[in-house]
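Contents: one structure, followed by commentary.
Derivation of every value follows stated rules applied to the coordinates shown; laboratory data play no part. As the structure is a computational prediction, the values presented were derived from the model and not from experiment. Note that we place each Cβ from the backbone using ideal geometry, even for glycine, and neighbour counts take in every protein chain shown.
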Amino acid sequence: MLRELKELATTAKQEGQAVAFGEIGLDYDRLGLCPKDIQREYFEKQLEIAVEVDLPLFLHSRAAHADFMGILRRFVDEGCLRRMGVVHSFTGTMQEMEQLVQEGWYVGVNGCSLKTEENLEVVRAIPLDRIMLETDGPWCEMRPSHASAPFVKDWEDTEGKRVKWVKKEKWVEGACVKGRNESVMMGKVAWAVAGIRGVSVREVCEAAWGNTVRVFGVGEV
Ligand SMILES: [Zn+2]
């Protein structure tokens, strides 16, 4: 299985289809799916492959910060982790964010990163040269009950009105399914982050774009 994963990553990199290795990491909110010791063991094995294939990392860490940092730090200290990467869908504390940034990692923000007032405080403090934006999966949309809601009201009133929303049974090309987060919501995430930080949408987008290009080697700055 790990051998196949390495082959897949190597081929995808060679053919220009992969710009990162992941997502991999630790999730202690889902121990029912996999216990901690197995997660740690395979996170390390996957990191070994990422190092060999030499791709930047796309990382996931949930309720596992100390173990997550410990494993990454060991790879960095041993000098084998040449590429850095992003810790996506960040929902950790201020201290955890600061530690990631201090140790060279980028922080990915999506709707899940904007649910509580504490989340917003953290997002305000991420250095602009370390922030990335994402939509993530279909269930990571911003909801009216989230702390982000007041910051996307303008978006809902303008951009949101241009989106055609339908129930999934009535989907047609060009429409969005109600309640399902999709890639086209990228602008809404940027809008929310700009409002929360009190800067322009352009400033947030240019920073996130530049960071993404720099880490993954895509597009142009
Ligand atoms: Zn994830």
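For this structure, a couple of remarks:
- The charge dipole of region 79-221, taken about its Cα centre with unit charges on the Cβ of Lys, Arg, Asp and Glu (plus for the first two, minus for the last two), comes to roughly 500 debye.
- Under the convention that each Lys and Arg Cβ holds +1 and each Asp and Glu Cβ holds -1, the size of the dipole of region 7-87 around its Cα centre is about 220 debye.
- Computed 3J(HN,Hα) for region 136-150, one whole-Hz value per residue from the Karplus formula 6.51 cos²θ - 1.76 cosθ + 1.60 where θ = phi - 60°, is 6, x, x, 9, 9, 6, 7, 10, x, 7, 7, 4, 6, 3, x, glycine and proline marked x.
- Rounded to the nearest whole Hz, the Karplus-based 3J(HN,Hα) values (6.51 cos²θ - 1.76 cosθ + 1.60, θ = phi - 60°) of region 80-89 follow the sequence 9, 8, 6, 8, 9, x, 10, 9, 7, 6, with x at glycine and proline.
- Report summary: the helix-based calculation at 222 nm, which adds -39500 (n - 2.57) for every DSSP H run with n ≥ 4 and divides by the residues of the chain, gives -13500 deg cm²/dmol.
- Taking 21 Å as the limit for the C-alpha separation, the pairs LYS13/LYS36; LYS115/LYS188; LYS115/LYS178; LYS45/LYS115; LYS115/LYS161; LYS153/LYS178 exceed it in the case of LYS13/LYS36; LYS45/LYS115; LYS115/LYS161.
- Convex hull volume of the C-alpha atoms in the chain, normalised per residue: 152 Å³.
- Between region 169-183 and region 24-70, the alpha-carbon center distance in angstrom: 32 Å
- Dipole magnitude of region 19-139, debye to nearest 20 (Cβ charges: Lys/Arg +1, Asp/Glu -1, about Cα centre): 80 debye
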